[in-house]
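I have placed the structure first, in the form of structure tokens, so that the comments after it can refer back to it.
The values are calculated or read from the model by the stated rules, or taken from the named source; none is laboratory data. The structure displayed is predicted, hence computed values, not measured ones. Reconstructed Cβ throughout: ideal geometry from the backbone, glycine too, with neighbour counts over all protein chains shown.
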Amino acid sequence: MADKLFVLEDLRIARYSLRRYAGSEKCPGRMGYHNAVGAAIADVPEDPEKPYTGTRPPEVDHADPRWPVRCECGYAFTEANAWQVFANGLYRRPDTGEVIAWEKAPAGAVRDAVWWPGKGADGHAWEIRLPDGSDWMTEGKAGNCACSKDPAHRCWKRSGTMPRITVSPSIATPKWHGWLQDGVLTGC
């Protein structure tokens, strides 16, 4: 199976939802801890002076009934568990015009990670959604790299112009292993 890369257009709008979680509590769900995110409550333009998402979160009282009360496993959140007004950036797909939150982006989606501290030779750090649903940073550090503590070292060599880039060596996550060649993700 192959997934072609496509660069999402950042609309500089945050979609806010209400999130509850208990990070220190073990859960059989996909996160490994108790977590619940409610429906979207507001779409808010970002502060143009700040390069990251979630610059203008609305204030929501803890008594608001829109807050999630339970994890998918049934755990009931307590007052002591975390309350978060959670932001997802909104993006436009160039191929379809569809507006999506990064959280819902499919494999092959790419966004310019302007907040990432290390940039490549082209001045960008790219975040790519992989086929297993995880995100990979082109300028990130590989977990098995002996040079990963050297800030100048780049674990992956990339060539080409986005979206038609090639990186080497291969990319590996706990659930996926594959290659990115000429803008196409292929797994083994």
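Quick rundown of the values:
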item: Count of the stretch 116-145 residues which are touching a strand residue (DSSP E or B) at 6+ places or on another chain (Cβ under 7 Å) and part of a loop (DSSP other than H, G, I, E, B); result: 7
item: Exclusive hit being closer than 30 Å to Cys188 by Cα and modelled with pLDDT under 95, set Gly54, Gly32; result: Gly32
item: Matching residues, the stretch 84-115, being of a type in the set (D, E, K, R) and in a helix (DSSP H, G or I); result: Glu103, Lys104
item: Residue within the stretch 95-108 that is surrounded by 15 or more Cβ atoms within 10 Å (Cβ to Cβ) and farther than 30 Å from Val184 by Cα present; result: no
item: Filter pass, Cys27 being outside the structural domain of Ala125 (by TED's automatic domain parsing), touching a Cys at 6+ places or on another chain (Cβ under 6 Å) and loosely packed, with under 15 Cβ neighbours inside 10 Å; result: no
item: Matching entry among Pro57, Pro48 (being free of Cβ contacts under 8 Å to residues at least 40 places away in the same chain, within 18 Å of Trp115 (Cβ to Cβ) and not in a strand (DSSP E or B)); result: Pro48
